[in-house]
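The values are calculated or read from the model by the stated rules, or taken from the named source; none is laboratory data. None of these values were measured; they are calculated from a predicted model. Glycine also receives a Cβ, built like all others from the backbone with ideal geometry; neighbour counts cover every protein chain displayed.
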Amino acid sequence: MPVPRSPYDRNPVILCPVCTNWTRRPVVDGRRSYRDTSRMVPPARHLLRAKDLADARYFEPLTVADMAGAAGLSPAHFSREFRRTFGEAPHQYLLTRRLERAAALLRNTDRSVTDICLSVGLTSLGSFVTTFRRVYGTTPRAYRAVFPPAQRHIRIPDCVARAYGRPQNRTFREAAPASRP
């Protein structure tokens, strides 16, 4: 495919190696700067690095600029490429991760809705309830009521679980006592 170029243009339009979009090559000191493509990482790896950041640190106040910094792209370019690759905007992906974690905490713990809202990285309880209702079709309190209380998940007393969960105080290569007939 020929490169579109204007006869009056000092900066020719080239194909960007990261996102395969047409872009302008900068002119530095009267010469075009050529990128060393031998060290470039495929675009999916950049975006996966940002996606992993969102998965690992969803409870922190992450922004699209933070995720773009992890991917090594500008925020606008990162948002376009993230949406094109994964099918949703970076902020929406982060919000989805937070709501999934909040739903798991509602099902499996007896913590308050406010505490869960703050622990998954959201700052407004009203926005959390509204967004949760939009995604799950019910409020967090009604969602929790559908599942049994967390105390019912415990089948044995805590003291018994702790006693059986302790190590047997064996050292490395210590053989169990051999039974002789």
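A few comments on the model shown:
- Single residue of A65, A54, A89, A76 found to be modelled with pLDDT of 90 or more and more than 28 Å from C117 (Cβ to Cβ): A76
- Number of positions in region 124-139 that are over 22 Å from the mean Cα position of the chain (by Cα), in a helix (DSSP H, G or I) and surrounded by 14 or more Cβ atoms within 10 Å (Cβ to Cβ): 0
- Any chance G121 is of a type in the set (G, A, S) and outside any helix (DSSP H, G or I): yes
- A search for C-beta distances below 6 Å between a residue of region 77-94 that is within 19 Å of T131 (Cα to Cα) and any residue that is surrounded by fewer than 16 Cβ atoms within 10 Å (Cβ to Cβ) and of a type outside the set (S, T, N, Q), counting only pairs 6+ apart in sequence or on different chains, returns A89/R83.
- Across region 143-155, a minimum of one residue is classified as within 28 Å of L53 (Cβ to Cβ) and touching a residue at least 24 places away in the same chain (Cβ under 8 Å).
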